[in-house]
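The values are calculated or read from the model by the stated rules, or taken from the named source; none is laboratory data. Because the structure is predicted, anything quoted here is derived from the model rather than measured. With ideal geometry, Cβ positions are generated from the backbone for all residues, glycine too; neighbour counts draw on all protein chains shown.
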Ligand code: ATP
Ligand code: MG
Ligand code: MG
Ligand code: MG
């Protein structure tokens, strides 16, 4: 048979039912230790955090093979799996046959069995998934995305694929990557001197999607409840630890949902997937929790967080999110000691100011000390598609803010009334022609509807306790990311 047909994954070998049997494991050497009579090494195959301990008899192993067992080398090891006396492992493999699948020159292999800094590992993103930390992160990432699909499936939502190349810019925020087949250094021009997109592949100006929302709404107004889960692109020229140029967004859209239903759904979903992670990723989460605790110890006492990672996740599950209006939040912020002592970079002076992340984090981390849902923002600072409230000043927007993260969800009840939507778009300088298809949905069987966008990597930051968004996506794209 093929090599794979003989292999048993290390996750399964550690379960116990293979103990006593002849087995073959394959993986990469993590650690080795040799003495005169015995040769120990550990093998990790990515299927789980733990590595399998292998014991070899140097007298029975060809010199040539022994020499090539180095950290990073890929091996196939056959032998008997036996109960282990050693601490921290239940079984070990007594090797009778070791095959070198791929060598790793110890002089050149950058991942040695010691703790490397995240900065160093970011430089070698093509190898960092082979460390315990990144192995844990990407296994958790898999389970979380699976939980998200499962949640929506259980609730009767349909997954809808919205376009990645699109002519819609969602809000005209202007952070788009343009997609064109034209030579932009020497483009065809109209008689008026504008770039002539009629000659482009799509015959109009297109960009990579910044959100699937507008198209998602079309799905909701036909299928009832849909969600998208796809890549999203923003030419954010900010080097923050919370923004990527390419990130993944979960965007449900629901017909007949009002703002409160929207908030309930978002809160239920976040709790569901966090609970799922606690149940299905216990080993990896415990490892990351320990890691986060060590990091905390490096900080000065007053900056350390009161809770460990696992406690923080548990806490979120057990407490309802605080819900308050933008207007109430402004009052809290304006009257805060922080504002009075001018400790905010942007002081809160009047109703209508856009909240900065320092304000959001103050509310969540200092004032309420739990997740917060802020709703009913001033219309002037929010997008054209958000539903205007009775007061004529605010819209039915909601943002969910998480401790240590800031904004994790942004959503709203959508404006379903044709006239109101048309006027809002116009007042924001959006041409009717550009959103004709969107406006038309409000002329044919329009209904109240709502939706939100959850940044998958922001959720990953919260669940893993990592602090830089570049560490929770395998191949981060940011200004100047050179590799890949
Ligand atoms: P922020 O205020 O943090 O820049 P936003 O308000 O611009 O976010 P939205 O347009 O509301 O973002 O997008 C919905 C969600 O997508 C956000 O709540 C956030 O979780 C996530 N998100 C937005 N921009 C990014 C980005 N550049 N990288 C990673 N996640 C992002
Ligand atoms: Mg933004
Ligand atoms: Mg925002
Ligand atoms: Mg937002």
Given 214, 208, which one is more than 20 Å from residue 473 (Cβ to Cβ) and surrounded by 17 or more Cβ atoms within 10 Å (Cβ to Cβ)? 214
Would you check if there is a residue in segment 320-328 being touching a helix residue (DSSP H, G or I) at 6+ places or on another chain (Cβ under 6 Å), more than 30 Å from residue 422 (Cβ to Cβ), touching a residue at least 60 places away in the same chain (Cβ under 8 Å) and part of a loop (DSSP other than H, G, I, E, B)? yes
Count, please, the residues in segment 385-405 that happen to be within 13 Å of residue 415 (Cβ to Cβ) and either within 16 Å of ligand 2 (Cβ to nearest atom) or at pLDDT below 95 (or both). 2
Counting only strands (runs of 3 or more DSSP E) wholly inside segment 371-484, the ones holding at least 3 residues that are without any contact (Cβ under 8 Å) to a residue 60 or more places away in the chain are 372-378, 394-402
So residue 429, is it more than 30 Å from the chain's Cα centre (by Cα), farther than 27 Å from residue 256 by Cβ and away from ligand 2 (no atom under 16 Å from the Cβ): yes
Please go through segment 387-407 and give me each residue that is within 14 Å of ligand 1 (Cβ to nearest atom) and under 25 Å from the mean Cα position of the chain (by Cα), ordered by number. 397, 398, 399, 400, 401, 402, 404, 405, 406, 407
Condition first: surrounded by fewer than 18 Cβ atoms within 10 Å (Cβ to Cβ) and part of a loop (DSSP other than H, G, I, E, B). Can you find one or more residues in segment 73-82 that meet it? no
Of all residues making up segment 250-306, the number that are part of a helix (DSSP H, G or I) and more than 18 Å from residue 141 (Cβ to Cβ): 21
Within segment 193-206, the residues that are outside any loop (DSSP other than H, G, I, E, B) and either touching a helix residue (DSSP H, G or I) at 6+ places or on another chain (Cβ under 9 Å) or closer than 30 Å to residue 257 by Cα (or both) are 206
State which residue is nearest to ligand 4 (Cβ to nearest atom) when the search covers only segment 390-416 and only residues that are over 24 Å from residue 359 (Cα atoms) and surrounded by 15 or more Cβ atoms within 10 Å (Cβ to Cβ). 414
Conditions (1) closer than 17 Å to residue 442 by Cα; (2) under 17 Å from the mean Cα position of the chain (by Cα): number failed by residue 211: (1)
Just a yes or no: is a residue in segment 430-447 surrounded by 15 or more Cβ atoms within 10 Å (Cβ to Cβ) and within 16 Å of ligand 4 (Cβ to nearest atom)? no
Give just the number: which of (1) crowded, with 18+ Cβ neighbours inside 10 Å; (2) more than 14 Å from ligand 3 (Cβ to nearest atom) does residue 367 not satisfy? (1)
Just give me the residues in segment 232-248 being more than 8 Å from ligand 1 (Cβ to nearest atom), part of a loop (DSSP other than H, G, I, E, B) and crowded, with 19+ Cβ neighbours inside 10 Å, in sequence order. none
Residue 448 passes all but one of (1) in contact with a strand residue (DSSP E or B) (Cβ under 8 Å, 6 or more places away or on another chain); (2) within 16 Å of ligand 1 (Cβ to nearest atom); which number fails? (2)
Residues located in segment 168-180, provided they are in a loop (DSSP other than H, G, I, E, B), surrounded by 11 or more Cβ atoms within 10 Å (Cβ to Cβ) and out of contact with any helix residue (DSSP H, G or I) (no Cβ under 8 Å at 6 or more places or on another chain): 169, 171, 172, 173, 175, 176, 177
Reported set for segment 354-364 where residues are out of contact with any strand residue (DSSP E or B) (no Cβ under 7 Å at 6 or more places or on another chain) and either buried (at least 17 other Cβ atoms within 10 Å of the Cβ) or part of a strand (DSSP E or B) (or both) is 355, 359, 362
Inside segment 142-171, the number of residues satisfying the requirement of being modelled with pLDDT under 95 and over 11 Å from residue 207 (Cβ atoms) is 1
Out of 252, 188, sole residue that is within 16 Å of ligand 4 (Cβ to nearest atom) and either buried (at least 19 other Cβ atoms within 10 Å of the Cβ) or modelled with pLDDT of 95 or more (or both): 252
